[in-house]
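Report on the structure given below.
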Amino acid sequence: MCAAHSDERPRSTLRGVIALGRALALVALLTPACTEEDAPPAPSAAPPAPRAASPGPAPPEAPTEPARPAPAPPAPDPASAPPPGARTRVVLLGTGTPIPDPERAGPCTAVVTDARALLFDAGPGLVRRATAASRAEPALGPERLEHVFLTHLHSDHTVGLPDLMRTPWVVGRAAPLHVYGPPGTAALVEHLEQAFTEDTRVRTTGLEAQGAGPRVAVRELGPDEEVRVGGLRVRAFRVDHGAWNPNAYGYRVEGAERVVVVSGDTAPTDAIVEACDGCDVLVHEAYAEDAWRRLPEGTRRYHRAFHTSARQLGALAARARPGKLVLTHLLLFGAEPAALLAEVREGWAGPTFVGRDLARH
(Lines give C-alpha, C1' and ligand atoms only; values in the text may rest on other atoms or scores of the structure.)
Protein backbone atom coordinates (compact mmCIF):
# COMPACT_ATOMS: atom_id res chain seq x y z
CA MET A 1 0.00 0.00 0.00
CA CYS A 2 1.38 3.37 -0.95
CA ALA A 3 1.91 6.13 1.60
CA ALA A 4 -0.82 8.29 0.09
CA HIS A 5 -3.47 5.61 0.62
CA SER A 6 -2.37 4.89 4.19
CA ASP A 7 -2.72 8.63 5.12
CA GLU A 8 -6.11 8.99 3.46
CA ARG A 9 -7.89 6.23 5.46
CA PRO A 10 -7.29 7.75 8.94
CA ARG A 11 -8.29 11.13 7.64
CA SER A 12 -11.51 9.74 6.20
CA THR A 13 -12.27 8.01 9.49
CA LEU A 14 -11.62 11.23 11.43
CA ARG A 15 -13.94 13.21 9.17
CA GLY A 16 -16.66 10.64 9.73
CA VAL A 17 -16.32 10.84 13.50
CA ILE A 18 -16.51 14.65 13.41
CA ALA A 19 -19.59 14.57 11.20
CA LEU A 20 -21.30 12.07 13.48
CA GLY A 21 -20.49 14.21 16.53
CA ARG A 22 -21.98 17.29 14.88
CA ALA A 23 -25.15 15.40 13.98
CA LEU A 24 -25.62 14.14 17.53
CA ALA A 25 -25.06 17.65 18.92
CA LEU A 26 -27.69 19.05 16.53
CA VAL A 27 -30.21 16.39 17.60
CA ALA A 28 -29.58 17.20 21.26
CA LEU A 29 -30.04 20.89 20.60
CA LEU A 30 -33.35 20.46 18.79
CA THR A 31 -34.82 17.89 21.21
CA PRO A 32 -36.26 19.40 24.50
CA ALA A 33 -34.78 17.90 27.59
CA CYS A 34 -37.15 15.62 29.43
CA THR A 35 -37.45 16.91 32.97
CA GLU A 36 -39.13 15.28 35.93
CA GLU A 37 -42.05 17.67 35.50
CA ASP A 38 -42.51 16.77 31.78
CA ALA A 39 -42.12 13.01 32.11
CA PRO A 40 -45.32 10.92 31.90
CA PRO A 41 -46.58 9.74 35.27
CA ALA A 42 -45.66 6.26 36.41
CA PRO A 43 -48.43 3.64 36.03
CA SER A 44 -50.80 3.74 38.96
CA ALA A 45 -54.19 2.42 39.90
CA ALA A 46 -55.38 5.97 40.56
CA PRO A 47 -55.47 8.61 37.82
CA PRO A 48 -52.65 11.13 37.95
CA ALA A 49 -53.30 14.30 39.91
CA PRO A 50 -54.00 17.34 37.74
CA ARG A 51 -50.92 19.38 37.00
CA ALA A 52 -50.62 22.57 39.05
CA ALA A 53 -50.75 25.86 37.20
CA SER A 54 -47.46 27.62 36.72
CA PRO A 55 -46.94 30.22 39.43
CA GLY A 56 -45.77 32.79 36.89
CA PRO A 57 -42.72 34.97 37.19
CA ALA A 58 -41.30 35.53 40.64
CA PRO A 59 -42.15 38.91 42.16
CA PRO A 60 -39.37 41.47 42.15
CA GLU A 61 -37.16 41.52 45.18
CA ALA A 62 -38.13 44.01 47.86
CA PRO A 63 -35.68 46.89 48.18
CA THR A 64 -33.03 46.20 50.76
CA GLU A 65 -33.74 49.56 52.44
CA PRO A 66 -37.42 50.64 52.35
CA ALA A 67 -38.12 54.27 51.57
CA ARG A 68 -38.60 56.41 54.65
CA PRO A 69 -42.23 57.56 54.95
CA ALA A 70 -42.99 61.26 54.93
CA PRO A 71 -42.82 62.70 58.42
CA ALA A 72 -46.19 62.98 60.12
CA PRO A 73 -47.23 66.29 61.60
CA PRO A 74 -45.89 66.57 65.14
CA ALA A 75 -48.28 65.86 67.96
CA PRO A 76 -49.62 69.09 69.41
CA ASP A 77 -47.58 70.35 72.33
CA PRO A 78 -49.88 72.22 74.71
CA ALA A 79 -46.96 74.31 75.92
CA SER A 80 -45.99 75.47 72.42
CA ALA A 81 -49.44 75.79 70.86
CA PRO A 82 -50.91 79.23 70.21
CA PRO A 83 -53.19 80.60 72.93
CA PRO A 84 -56.81 79.44 72.63
CA GLY A 85 -58.67 81.70 70.24
CA ALA A 86 -55.49 83.39 68.97
CA ARG A 87 -56.23 85.21 65.74
CA THR A 88 -52.55 85.44 64.76
CA ARG A 89 -50.64 82.16 64.74
CA VAL A 90 -47.18 80.96 63.71
CA VAL A 91 -46.65 77.75 61.73
CA LEU A 92 -43.16 76.44 61.01
CA LEU A 93 -43.16 75.11 57.45
CA GLY A 94 -39.41 74.58 57.27
CA THR A 95 -36.79 74.67 60.02
CA GLY A 96 -33.84 73.38 58.02
CA THR A 97 -30.72 74.73 56.37
CA PRO A 98 -28.97 74.25 53.01
CA ILE A 99 -28.05 70.72 54.18
CA PRO A 100 -30.81 68.29 53.04
CA ASP A 101 -32.68 66.73 55.95
CA PRO A 102 -35.77 64.55 55.40
CA GLU A 103 -37.22 65.79 58.70
CA ARG A 104 -36.74 69.50 57.98
CA ALA A 105 -37.77 71.41 54.87
CA GLY A 106 -35.95 74.57 53.85
CA PRO A 107 -36.49 77.83 55.73
CA CYS A 108 -40.08 79.05 55.76
CA THR A 109 -42.21 80.48 58.57
CA ALA A 110 -45.90 81.27 58.17
CA VAL A 111 -47.86 83.87 60.11
CA VAL A 112 -51.48 82.84 59.76
CA THR A 113 -54.92 84.25 60.41
CA ASP A 114 -58.24 82.67 59.54
CA ALA A 115 -58.33 84.70 56.33
CA ARG A 116 -54.78 84.46 54.97
CA ALA A 117 -51.22 83.30 55.44
CA LEU A 118 -48.02 85.31 55.07
CA LEU A 119 -44.92 83.28 54.27
CA PHE A 120 -41.44 84.34 55.30
CA ASP A 121 -38.81 82.84 53.00
CA ALA A 122 -39.29 80.20 50.34
CA GLY A 123 -37.08 77.24 51.14
CA PRO A 124 -37.38 73.91 49.31
CA GLY A 125 -40.49 71.89 50.12
CA LEU A 126 -42.62 74.77 51.36
CA VAL A 127 -45.70 74.10 49.19
CA ARG A 128 -45.94 70.49 50.31
CA ARG A 129 -45.36 71.43 53.92
CA ALA A 130 -48.03 74.13 53.62
CA THR A 131 -50.43 71.57 52.18
CA ALA A 132 -49.81 69.29 55.16
CA ALA A 133 -50.28 72.19 57.58
CA SER A 134 -53.55 73.20 55.89
CA ARG A 135 -55.30 70.33 57.71
CA ALA A 136 -55.12 72.50 60.82
CA GLU A 137 -54.79 75.89 59.11
CA PRO A 138 -56.97 76.10 55.97
CA ALA A 139 -55.37 79.42 54.98
CA LEU A 140 -52.24 77.41 54.11
CA GLY A 141 -53.98 75.49 51.33
CA PRO A 142 -51.84 75.86 48.19
CA GLU A 143 -54.45 77.76 46.21
CA ARG A 144 -54.55 80.37 49.02
CA LEU A 145 -50.80 81.09 49.21
CA GLU A 146 -50.62 84.65 47.90
CA HIS A 147 -47.96 86.51 49.92
CA VAL A 148 -44.29 85.75 50.55
CA PHE A 149 -41.61 87.93 52.14
CA LEU A 150 -37.97 87.06 51.42
CA THR A 151 -35.41 87.87 54.11
CA HIS A 152 -32.51 87.68 51.64
CA LEU A 153 -31.68 85.92 48.39
CA HIS A 154 -29.56 83.00 49.58
CA SER A 155 -30.53 79.91 47.57
CA ASP A 156 -31.80 77.91 50.56
CA HIS A 157 -34.31 80.72 51.21
CA THR A 158 -35.45 81.08 47.59
CA VAL A 159 -35.32 77.78 45.66
CA GLY A 160 -38.91 77.09 46.72
CA LEU A 161 -40.05 80.30 45.04
CA PRO A 162 -40.65 78.80 41.55
CA ASP A 163 -42.69 76.07 43.24
CA LEU A 164 -44.72 78.74 45.03
CA MET A 165 -45.16 80.71 41.80
CA ARG A 166 -46.41 77.77 39.76
CA THR A 167 -47.79 74.85 41.78
CA PRO A 168 -50.64 76.79 43.46
CA TRP A 169 -51.51 78.23 40.03
CA VAL A 170 -51.66 74.73 38.55
CA VAL A 171 -54.13 73.65 41.26
CA GLY A 172 -56.35 76.69 40.90
CA ARG A 173 -54.91 79.87 42.39
CA ALA A 174 -56.31 82.74 40.32
CA ALA A 175 -55.01 85.64 42.41
CA PRO A 176 -51.49 86.93 41.83
CA LEU A 177 -48.64 85.88 44.08
CA HIS A 178 -47.24 88.93 45.87
CA VAL A 179 -43.48 88.68 46.43
CA TYR A 180 -41.75 91.15 48.76
CA GLY A 181 -38.05 91.32 49.50
CA PRO A 182 -34.81 93.26 49.44
CA PRO A 183 -33.25 94.76 46.31
CA GLY A 184 -32.64 92.02 43.76
CA THR A 185 -36.01 90.34 44.32
CA ALA A 186 -37.51 91.72 41.09
CA ALA A 187 -34.64 90.39 38.98
CA LEU A 188 -34.94 86.98 40.63
CA VAL A 189 -38.65 86.75 39.84
CA GLU A 190 -38.16 87.99 36.27
CA HIS A 191 -35.58 85.30 35.53
CA LEU A 192 -37.74 82.59 37.08
CA GLU A 193 -40.66 83.61 34.88
CA GLN A 194 -38.41 83.43 31.82
CA ALA A 195 -37.12 80.01 32.85
CA PHE A 196 -40.67 78.61 32.83
CA THR A 197 -41.84 80.25 29.59
CA GLU A 198 -42.27 76.90 27.85
CA ASP A 199 -44.20 75.45 30.78
CA THR A 200 -46.57 78.42 30.69
CA ARG A 201 -47.04 78.06 26.92
CA VAL A 202 -47.93 74.37 27.10
CA ARG A 203 -50.20 74.73 30.12
CA THR A 204 -52.15 77.64 28.62
CA THR A 205 -52.42 76.49 24.99
CA GLY A 206 -52.31 72.69 25.11
CA LEU A 207 -54.80 70.12 26.31
CA GLU A 208 -54.28 71.22 29.91
CA ALA A 209 -55.97 74.54 29.12
CA GLN A 210 -55.03 76.40 32.28
CA GLY A 211 -56.33 79.66 30.84
CA ALA A 212 -54.28 82.69 31.80
CA GLY A 213 -50.73 82.18 32.99
CA PRO A 214 -49.60 82.68 36.59
CA ARG A 215 -49.44 86.26 37.82
CA VAL A 216 -46.72 87.57 40.09
CA ALA A 217 -46.50 91.05 41.62
CA VAL A 218 -43.12 92.09 43.03
CA ARG A 219 -42.34 94.82 45.52
CA GLU A 220 -38.81 95.49 46.69
CA LEU A 221 -38.69 96.89 50.21
CA GLY A 222 -36.32 99.28 51.88
CA PRO A 223 -35.38 99.06 55.56
CA ASP A 224 -38.20 100.14 57.88
CA GLU A 225 -40.70 100.02 55.02
CA GLU A 226 -44.15 98.71 55.97
CA VAL A 227 -46.70 96.61 54.12
CA ARG A 228 -50.31 96.04 55.18
CA VAL A 229 -51.98 92.79 54.19
CA GLY A 230 -55.51 92.53 55.49
CA GLY A 231 -55.31 93.01 59.24
CA LEU A 232 -51.55 92.36 59.41
CA ARG A 233 -48.85 95.02 59.35
CA VAL A 234 -45.36 93.93 58.28
CA ARG A 235 -42.20 95.99 58.73
CA ALA A 236 -38.81 95.10 57.27
CA PHE A 237 -35.64 95.87 59.21
CA ARG A 238 -31.98 95.26 58.48
CA VAL A 239 -30.11 92.43 60.17
CA ASP A 240 -26.44 91.38 60.03
CA HIS A 241 -25.81 88.56 57.55
CA GLY A 242 -22.22 89.11 56.52
CA ALA A 243 -21.71 89.54 52.78
CA TRP A 244 -25.46 89.94 52.23
CA ASN A 245 -25.47 93.27 54.07
CA PRO A 246 -27.22 95.67 53.64
CA ASN A 247 -29.81 93.56 51.81
CA ALA A 248 -30.62 91.07 54.56
CA TYR A 249 -33.85 91.66 56.46
CA GLY A 250 -35.84 90.49 59.42
CA TYR A 251 -39.57 91.19 59.68
CA ARG A 252 -41.87 92.36 62.47
CA VAL A 253 -45.50 91.31 62.00
CA GLU A 254 -48.25 92.97 64.04
CA GLY A 255 -51.58 91.16 64.14
CA ALA A 256 -54.83 91.86 65.94
CA GLU A 257 -53.53 90.71 69.32
CA ARG A 258 -50.01 89.29 68.80
CA VAL A 259 -46.65 90.50 67.52
CA VAL A 260 -44.29 88.10 65.74
CA VAL A 261 -40.66 88.78 64.81
CA VAL A 262 -38.87 86.65 62.19
CA SER A 263 -35.10 87.10 62.35
CA GLY A 264 -34.04 85.75 58.97
CA ASP A 265 -30.37 84.75 58.86
CA THR A 266 -28.31 87.00 61.10
CA ALA A 267 -25.46 87.34 63.52
CA PRO A 268 -26.45 88.89 66.87
CA THR A 269 -27.71 92.42 66.29
CA ASP A 270 -29.41 95.15 68.31
CA ALA A 271 -31.97 95.38 65.51
CA ILE A 272 -33.58 92.19 66.83
CA VAL A 273 -33.85 93.65 70.33
CA GLU A 274 -35.48 96.79 68.97
CA ALA A 275 -37.91 94.84 66.77
CA CYS A 276 -38.96 92.69 69.73
CA ASP A 277 -40.55 95.56 71.66
CA GLY A 278 -43.81 94.00 72.87
CA CYS A 279 -43.09 90.81 70.90
CA ASP A 280 -45.10 87.67 71.65
CA VAL A 281 -43.12 85.25 69.48
CA LEU A 282 -39.52 85.58 68.26
CA VAL A 283 -38.60 83.05 65.55
CA HIS A 284 -34.80 83.14 65.41
CA GLU A 285 -32.07 81.09 63.77
CA ALA A 286 -29.43 79.30 65.87
CA TYR A 287 -26.42 77.01 65.65
CA ALA A 288 -25.04 74.58 68.23
CA GLU A 289 -21.95 76.26 69.67
CA ASP A 290 -20.17 73.30 71.26
CA ALA A 291 -20.50 71.29 68.04
CA TRP A 292 -19.43 74.35 66.02
CA ARG A 293 -16.11 74.41 67.91
CA ARG A 294 -15.16 71.09 66.29
CA LEU A 295 -15.47 72.48 62.75
CA PRO A 296 -12.53 73.61 60.60
CA GLU A 297 -11.37 77.15 61.28
CA GLY A 298 -12.67 78.59 58.00
CA THR A 299 -16.13 77.13 58.58
CA ARG A 300 -16.20 78.44 62.14
CA ARG A 301 -15.23 81.90 60.95
CA TYR A 302 -18.03 81.93 58.37
CA HIS A 303 -20.76 80.88 60.81
CA ARG A 304 -19.57 83.31 63.47
CA ALA A 305 -19.85 86.20 60.98
CA PHE A 306 -23.18 85.18 59.39
CA HIS A 307 -25.19 83.40 62.11
CA THR A 308 -26.08 83.34 65.82
CA SER A 309 -24.92 80.65 68.23
CA ALA A 310 -27.36 79.24 70.76
CA ARG A 311 -25.47 80.88 73.61
CA GLN A 312 -25.46 84.21 71.80
CA LEU A 313 -29.18 83.82 71.22
CA GLY A 314 -29.77 83.19 74.91
CA ALA A 315 -28.00 86.44 75.76
CA LEU A 316 -29.93 88.25 73.02
CA ALA A 317 -33.28 86.90 74.22
CA ALA A 318 -32.51 88.08 77.75
CA ARG A 319 -32.37 91.60 76.33
CA ALA A 320 -35.24 91.30 73.84
CA ARG A 321 -37.53 89.44 76.28
CA PRO A 322 -40.00 87.89 73.81
CA GLY A 323 -43.07 86.14 75.17
CA LYS A 324 -41.82 82.97 73.48
CA LEU A 325 -38.58 82.07 71.68
CA VAL A 326 -38.75 79.58 68.80
CA LEU A 327 -35.52 78.28 67.24
CA THR A 328 -35.32 77.66 63.50
CA HIS A 329 -32.74 77.31 60.68
CA LEU A 330 -31.12 74.78 62.99
CA LEU A 331 -27.42 74.26 62.37
CA LEU A 332 -26.81 71.30 64.67
CA PHE A 333 -23.46 70.07 63.26
CA GLY A 334 -24.27 66.61 64.60
CA ALA A 335 -25.54 67.75 68.01
CA GLU A 336 -28.95 66.84 69.39
CA PRO A 337 -31.68 69.51 69.61
CA ALA A 338 -31.57 69.18 73.39
CA ALA A 339 -27.97 70.42 73.37
CA LEU A 340 -29.05 73.49 71.43
CA LEU A 341 -31.78 74.19 73.95
CA ALA A 342 -29.38 73.77 76.88
CA GLU A 343 -27.01 76.34 75.40
CA VAL A 344 -29.82 78.87 74.99
CA ARG A 345 -30.93 78.32 78.59
CA GLU A 346 -27.52 79.33 79.90
CA GLY A 347 -28.55 82.92 79.24
CA TRP A 348 -32.34 82.86 78.95
CA ALA A 349 -34.92 81.16 81.16
CA GLY A 350 -38.06 82.20 79.27
CA PRO A 351 -40.29 79.87 77.22
CA THR A 352 -38.10 78.40 74.46
CA PHE A 353 -38.82 75.76 71.82
CA VAL A 354 -36.59 74.04 69.28
CA GLY A 355 -38.58 74.34 66.08
CA ARG A 356 -40.08 71.33 64.30
CA ASP A 357 -41.62 71.36 60.85
CA LEU A 358 -45.42 71.82 61.03
CA ALA A 359 -45.37 72.89 64.68
CA ARG A 360 -47.79 75.69 65.58
CA HIS A 361 -47.12 78.51 68.04
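Descriptive notes on the structure:
- Residue match in the range 257-275 (condition: surrounded by 15 or more Cβ atoms within 10 Å (Cβ to Cβ), more than 18 Å from L340 (Cα to Cα) and modelled with pLDDT under 95): no
- Members of the range 315-341 that are touching a residue at least 24 places away in the same chain (Cβ under 8 Å) and more than 20 Å from V262 (Cα to Cα): F333, G334, A335, A339
For every residue, the table says whether it meets (1) hydroxyl-bearing (S, T, Y); (2) surrounded by 19 or more Cβ atoms within 10 Å (Cβ to Cβ); (3) closer than 20 Å to G96 by Cβ.
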| residue | (1), (2), (3) |
| --- | --- |
| A133 | no, yes, yes |
| P138 | no, no, no |
| H152 | no, yes, yes |
| H157 | no, yes, yes |
| P162 | no, no, yes |
| W169 | no, yes, no |
| L192 | no, no, no |
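- On the stretch given as the range 297-340, residues that are of a type in the set (D, E) and outside any helix (DSSP H, G or I) total 1.
- Residues that are outside any strand (DSSP E or B) and surrounded by 24 or more Cβ atoms within 10 Å (Cβ to Cβ) within the range 141-150 comprise L145, L150, listed in sequence order.
- Search result, residues across the range 121-149 that are out of contact with any Cys (no Cβ under 6 Å at 6 or more places or on another chain) and touching a residue at least 60 places away in the same chain (Cβ under 8 Å): R129, A132, A133, R135, A136, E137, H147, F149
- Test: residue in the range 254-269 that is assigned to a helix (DSSP H, G or I) and not aliphatic (A, V, I, L, M): no
- Residue match in the range 177-184 (condition: modelled with pLDDT under 95 and either of a type in the set (G, A, S) or not in a strand (DSSP E or B) (or both)): no
- If you go through the range 307-343 and keep only what is surrounded by fewer than 20 Cβ atoms within 10 Å (Cβ to Cβ) and within 16 Å of G264 (Cβ to Cβ), you end up with just Q312.
- Scanning the range 218-246 for residues that are more than 15 Å from D270 (Cβ to Cβ), in contact with a Pro (Cβ under 8 Å, 6 or more places away or on another chain) and crowded, with 20+ Cβ neighbours inside 10 Å gives L221, A236.
- Any hit, the range 186-203, residues being of a type outside the set (V, I, T), within 22 Å of T88 (Cβ to Cβ) and either part of a strand (DSSP E or B) or in contact with a helix residue (DSSP H, G or I) (Cβ under 8 Å, 6 or more places away or on another chain) (or both): no
The values are calculated or read from the model by the stated rules, or taken from the named source; none is laboratory data. The structure presented is a predicted model; accordingly, all values stated were derived computationally and were not measured. Using ideal geometry, Cβ is built from the backbone for each residue, glycine included, and neighbour counts are taken over all protein chains shown.
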